[in-house]
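Just passing along the structure, written as structure tokens.
The values are calculated or read from the model by the stated rules, or taken from the named source; none is laboratory data. These numbers come from a predicted model, not from an experiment. Methodologically, a virtual Cβ is constructed for each residue, glycine included, from the backbone with ideal geometry; neighbour enumeration extends over all protein chains shown.
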Amino acid sequence: MMLRSYRDVVGADGSGIAAQVAGQRARVDRRLATVGRVVAVLSGKGGVGKSFVTAALARLAAARWPERVGVLDADLRSPTVARMLDATGPLRVTPSGVVPASGSGGVRVMSTDLLLEEGRPLAWREPSGDAFAWRGTLEAGVLREFLGDVAWGDLEVLLVDLPPGADGGVDLASLAPGLAALAVTIPTEEARRSVARAVRAAADAGIRLVGVVENMAGYRCGNCARTGPLFSGDAGSALAAQFGIPLLARVPFVVEGAADAAFDPAEAARVLEALG
Amino acid sequence: MKFLCLDCDEQMAFAERREPGDGTFAAAFRCPRCHRAVALLANPMETQLVGSLGVKIGGRALDAPPFELARGSMRGRDDAFVDEDRGAAGPGTGARPALTWSVDARERLLRVPGFVRGMVKRIYVDYAAQRGIAEITPEVMDRARTELGLEGM
């Protein structure tokens, strides 16, 4: 009996698995061919306002590039950015793809928030007892479909709101070559340490870092519009210095008004230039 | 994954796929020389692990519809999607003959969760169109399900 190994047996496997996976990637490549830039908005930490910043930047970008800005909510389990952009379903499914929801300012949005029952968590139809073995793969597959099956059309920029975590968009980079990343932090030292891990992961994966936005950099009074202290620390400038990237904006916490109104106009312009 | 017939030292070819609907999966491979067959039997976890990759054991007969993985796997709301029909002529298929659904097939389709129903309907329509089938019946649906690997749909 001669037992040969996989590589000894010449020819494709009977299922063409490698070809199927290559086909999935080709589908993403074709879809992103009309997208100027894909920019991941990342932080290593939850609660820094990453989705808030993503929504604000999307609106600002849409003012500059009308109908040519997209937002992909990669936070599959805790999606928020669609609501911030007033994007609602149902989603139209055409033979050429799923038409993204239209959010405020004409931003094109895809998010699990558009798919899930109100108040229900992300759940799968498969047996849950051993979900640890396949859930990550399935979520990566859904993210791939969000990239490759959505009829994004011609976009200047597609912002990807990443979930919190130190991954730094590395998984996304394997699907979207040329991925760039924008880091979001709050001023505190704890945030700096956490965001630094994510930025390091992104840098190590060859993801181009466009800069840092420091969110909740002070509190802007709704009456007098003066900005006072909120958190101590200088994580934004520290991260910029650590990674040799620009601190693009320091955004104060505001109680009311549109997210993009919190941005200083000059800083907003600088962020958009960096995204370009 | 390859299957090798040790007696013939020949790679076995994919022959058939079965998804009985209980989360498990079976695929048969046959030696092209001696015609001996073996079955790959996967438990639910193994079946799901492969399914999570968005690939089909035995290959694909149809292109994956948009959001195949999300719609086939996620528990979503019934009104999440509005599926547009391809119309009389689908891409690459030429003009389509009129297609009807038997009453039983319609009832069965209505039992599919709304989140995924439109996609499943389109898969059955494409399956029938490719084979020149004029009426979709539960038997046609069973065949499509087995051949295309529509686990749980």
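Table: residues versus (1) within 14 Å of chain B (Cβ to nearest Cβ); (2) farther than 28 Å from A:Arg27 by Cβ.
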{"position": "A:Ala63", "(1), (2)": "no, yes"}
{"position": "A:Pro79", "(1), (2)": "yes, no"}
{"position": "A:Thr88", "(1), (2)": "yes, no"}
{"position": "A:Arg120", "(1), (2)": "yes, yes"}
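With the requirement that a residue be more than 9 Å from chain B (Cβ to nearest Cβ) and surrounded by 11 or more Cβ atoms within 10 Å (Cβ to Cβ), what does the range A:9-30 give you?
Scanning the range A:9-30 gives A:Ala18, A:Ala22, A:Arg25, A:Ala26, A:Val28, A:Asp29.
Could you count how many residues in the range A:206-229 are closer than 18 Å to A:Val184 by Cα and either in a loop (DSSP other than H, G, I, E, B) or among the aromatic types (Phe, Trp, Tyr) (or both)?
2
Same structure, new question: Which one is surrounded by the most Cβ atoms within 10 Å (Cβ to Cβ), of the residues in the range B:67-77 that are at the interface with chain A (Cβ under 7 Å from one of its Cβ atoms) and touching a residue at least 24 places away in the same chain (Cβ under 8 Å)?
B:Phe67
Is it the case that the range A:214-224 has a residue that's in contact (Cβ under 8 Å) with a residue 40 or more places away in the chain and among the basic types (Lys, Arg)?
Yes, the conditions are met somewhere in the range A:214-224.
While we're on this one: Among the residues of the range B:53-64, is there at least one that is more than 7 Å from chain A (Cβ to nearest Cβ), at pLDDT below 90, assigned to a loop (DSSP other than H, G, I, E, B) and over 18 Å from the mean Cα position of the chain (by Cα)?
No, that holds for no residue.
Scan the range A:31-48 and give yes if some residue there is crowded, with 18+ Cβ neighbours inside 10 Å, touching a strand residue (DSSP E or B) at 6+ places or on another chain (Cβ under 9 Å), in contact (Cβ under 8 Å) with a residue 24 or more places away in the chain and among the polar types (S, T, N, Q), otherwise no.
yes
Given the criteria surrounded by fewer than 18 Cβ atoms within 10 Å (Cβ to Cβ) and either more than 14 Å from chain B (Cβ to nearest Cβ) or within 11 Å of A:Leu42 (Cβ to Cβ) (or both), does A:Gly222 qualify?
yes
Cβ-Cβ below 7 Å, separation at least six or inter-chain, first residue in the range B:113-134 and touching a residue at least 60 places away in the same chain (Cβ under 8 Å), second surrounded by 17 or more Cβ atoms within 10 Å (Cβ to Cβ) and of a type in the set (S, T, N, Q): which pairs?
Taking only residues 6 or more apart or on different chains, not a single pair turns up.
Here is a follow-up. Quick check on A:Asp130: is it surrounded by fewer than 22 Cβ atoms within 10 Å (Cβ to Cβ), within 13 Å of another protein chain (Cβ to nearest Cβ) and acidic (Asp, Glu)?
Yes; evaluated as a whole, the condition is true for this residue.
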